[in-house]
Amino acid sequence: MGASTDTFIETASLRSLICHSLGGRVELRILGPLQVHTEDGQLHLVGQRQVKMLAVLLLAPNQVVAMDRLIDAVWDDNPPATAKRQLQNSLSALRQQFADPPKWSVVSDGPGYRLRVPTDELDVLVFQETVGQAQPHTESDPAEAVRLLRSALSLWRGPALDGLTGQAIEAGAARLNEARLAVLEQCLSLELLLGRSTEVIGELVELVGSQRLREPLVGLLMQALHASGRQAEALDAYHRLRTDLAEELGIDPSPRLQRLHTAILRNEIGELDPLREKDSRAAPRQLPAAVQHFVGRNPELKELTRLLDDSGEVCGTVVISAIAGTGGIGKTTMALHWAHQVAPRFPDGQLYVNLRGFDPTGSPMSVAEAIRGFLDAFNVPVAQLPASLDAQAALYRSLLADRRVLIVLDNARDADHVRPLLPGSANCLVVVTSRSQLTGLVVTEGARPLTLGLLTVAEAHEMLARHLGPERLAGQLAAAEELIAHCARLPLALAIVAARAAEQPTFPLATFVAEVANARSRLDALDTGDHTTQIRAVFSWSYDQLSLSAAKLFRLLGLHPGPDISLPAATSLLGIRIGQTRLLLTELARAHLVSEHVPGRYTFHDLLRAYATEQAYAHDSEEEQREAVHRMHDHYLHTATRATIQLEARRALIKLDEVRSDVTLEEITGRIEATAWLTAERPVLVGVVDDAVATGFHSHAWQLAWTLAVYFHRQGHWLDWARTHRAALDAAREMADRSAEAYAHRGVARANLRLDHRDEARAHLQHALSITEEVGDHAGQAHTHLDLAWLAELRLEYSEALHHAERALELHVQAGHRTGQANALNGVGWYHALLGRYEEAIDYCQQALTLNRELKAREAEAAALDSLGFAHQMAGRLPAAIARYQESLSVRHEIGDRYRLAGTLNRFGDTLVAAGDPGTARAVWLEAIEIFEQLGHSSAGEVRAKLASLDRRTASRS
């Protein structure tokens, strides 16, 4: 792309021009050439370094952009030695330029810079917001959705950041351009549904001309042409696409487009667009990518396929086990290669999980975690998840009952690790990999064993040829055979040796043979058949080739609990810049010592983890190891705290030690981003709590458990909640911190209440109460009494519940904890209402309401109003109940608390029916049903049943 005429002005001129517009409106536009507009018109800009910096900041508005990313954007892969200083000087000037206008600022934030910009002053933010506004209307009011989408699309003046070059900018621009196409496709699809086929044909023809292989656009054009009576042209559009796909990619159009083609041929296409078909059932596709250089295993692959075919595709369980239970033999590689081959025979999806049965940290994945992951894959809403593990396992089997799904259970520890994950349906096929023979599974479940051995010499030779090229091997057959022999035909060892040889294409293979053969102290295991020692030997050879910094990072990764690690966490482990860490991880990946299994997350083979840990113990002092682990725990504790604040801003924070200066924290903005981070890191965070206890970081252990409680509670991860708080309890006891111990007891109790383990919950709450009384912690006692009230309510012991709530109120008053007082007042009122004492209930709930309003605690205010509505309703004071419910609904609409809003609507409907207003009640219940259904909550069925009963009564009276 050529340079834009709308380029950036030099520092001094831009400062003067922007300051000239002080107090006026400044607009930034990146949906086309980069432009800055003021009330006086467009600024014409020059200077490529500054324009690229601004472009990168605007591609991530209101987010931190690391210094390394800015350097990459300006200079790509060839920055000068003074790049950082030059950018700091330029960015300092840029910050001054945006310091004067009241809504603008460029601020230093952690490892980089953040450009703060209001939504209405950056076109891409306006575009995203308008597209979001359109989504609720796509089903109910498509014309309004089209209006909004067209308004959003009108902001585009050409390709994003047109005229700017550089890898980082071009990648960001490509992302925005793809978003525009996706919105355009949605808009055109809605316009077709509105009968505007003739109007959109011209636009679609132009789009398809520039996007010849984009199937959704071709499908929309076919449908528009057919709807306009131009069937031949619609079929011709399909044939052109099919020809282009075959010639350029060697593939056919998708099945969905083929169905549209058939429908047009038969003139059977109706109002529904096959391109917008939606399967109401989730079909997960979880198989990791197959290995590129897979070779051999033909007899084993044929045996697997034969077992599938002989059963008439009524599948059982196939067990893949390795000789002597070794790692690195290629069990997972072969299983995934075959799974990809047969995946089309399982249209309802493919599930995959690494059970970590032989994880060197000693922490295999629990059955509960595996089942929960599968339920998440089927998009089971949190509200519909049963509390107990047995019930979740039953739900998992029920989901599979009428589905044809391939399930890969990788790296199982033993038969008991597998049994709870087996479906009850014969429609499914399960492939299990393990270092054990799993004989018990064969005997009791009828699994078919398949022993996987070493590669044949021919297969090993083919593997080297695929890595190095047949020409290189042709003249060095003897050296290749020696290399194969020293690597014992072990796939993982061969892959590492081949990668080393590929990086040095001019070296003769004899060089690598000599290196392997001479490493007697490390490689003698290659001649013994002890595969574990073989791998250690090959790992050491590869490890020795690393730079000092990469070797250090590799060793420290062995101190991480796994199963994977993010770039910022790895950066914290080493205590360096994130850009340096990215380069080191790339070096490790090239050496086949780590892999980036998903973007930004790194993992390595369990034997590599064990080897890395051994090297850390051998080469790093105890102080160095402890410093690294300290940085790691700081990273997770403080980042998790940031995430939790986004989920619940009013949550009382515990006092944390200052984060170390050499720790890299992750930027988290908003609830969606916070939930996404916590979900991605959940297995790691649970392991980190355990690791903190094991390594003596006891404060980190209980504080991290406390921090994670909100997320675990909202997402229904009750078992994780219980596990982390049991670990927190161990940590608190080691610290002799009685207050932390009391908190941990309460945390375990609350998780057990959700799991319906009431006896265990009671025991922990009694311990917590005893400790808080011992140390004179009135607020802690109050919290415990409220939990005991909850336990009593579950037992339908409302008098005991009231007693605990009243005691909680007394203690919160003594502690001067006003927020706690408000909660306790509402609790006392609620239990009075459950006991039929409506006057007392109203009195206490009114006090709670007054205090919450004074504290400006809006969520608690809505709860108190809801409680008052219930008490008035039960007392027969229907006008008062209606008034309180309406106030509660107003607050809940304001704060966006949709779940509790639906609950209040549900109870409000009951009151309206009792007041003789079935019409309004019906409307209220319909709104509640809509919200519950959007949330995937089972209460939708309860409200729907009420509505059906109301409709029957209304019909019988007419």
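Figures for the structure shown
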read-out: Segment residue 874-residue 165, length gained on full extension (0.36 nm per residue, minus Cα span); value: 248.4 nm
read-out: Relative contact order of the range 196-269, pairs being alpha-carbon contacts under 8 Å that are 6 or more residues apart, as %; value: 26
read-out: Karplus-derived 3J(HN,Hα), 6.51/-1.76/1.60, for each residue of the range 785-797, Hz, glycine and proline x; value: 5, 5, 5, 5, 5, 4, 4, 5, 4, 4, 8, 6, 9
read-out: Between the range 719-760 and the range 458-497, the alpha-carbon center distance in angstrom; value: 55
read-out: Label-point separation, residue 858 to residue 759 (7 Å along Cα→Cβ), nm; value: 4.6
read-out: Estimated FRET transfer efficiency when R0 is 35 angstrom, pair residue 135-residue 679 (beta carbons, to 0.05); value: 0.95
read-out: With DNA, RNA and ligands ignored, accessible area of residue 706 (1.4 Å probe; Å², nearest 10); value: 30
read-out: Three-way shape call for the range 196-269 based on the alpha-carbon gyration tensor, with the a/c threshold at 1.5; value: oblate
read-out: J(HN,Hα) series, the range 229-240, from Karplus relation 6.51 cos²θ - 1.76 cosθ + 1.60, nearest Hz, glycine and proline x; value: x, 10, 4, 4, 5, 4, 5, 5, 4, 5, 5, 4
read-out: Full-stretch length increase - residue 301, residue 231 - with 0.36 nm per residue and alpha-carbon distance subtracted; value: 20.6 nm
read-out: Sequence-separation-based contact order of the range 546-620, relative, with Cα cut under 8 Å and 6+ spacing, percent; value: 42
read-out: Förster radius 22 Å - calculated FRET efficiency between residue 147 and residue 181 (Cβ-Cβ, nearest 0.05); value: 0.65
read-out: Sparse-neighbourhood loop sites, trypsin sites (Lys or Arg not before Pro) in the range 785-874 - DSSP loop, at most 15 other Cβ within 10 angstrom; value: 795, 856
read-out: In the range 611-663, trypsin sites (Lys or Arg not before Pro) in a DSSP loop with at most 15 other beta-carbon atoms within 10 Å; value: 650, 651, 655, 660
read-out: Cβ-Cβ FRET estimate between residue 624 and residue 796, R0 fixed at 51 Å, reported to 0.05; value: 0.30
read-out: Protection proxy ranking of 562-569, 290-297, 724-731 - average other beta-carbon atoms within 10 Å, highest first; value: 724-731, 562-569, 290-297
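The values are calculated or read from the model by the stated rules, or taken from the named source; none is laboratory data. Computed from a predicted structure; not experimentally measured. Neighbour counts run over all protein chains shown; Cβ positions are idealised from the backbone, glycine included. Protein only, heavy atoms only, side chains kept; ligands, DNA and RNA dropped before computing areas. Shrake-Rupley method; radii C 1.70, N 1.55, O 1.52, S 1.80 Å.
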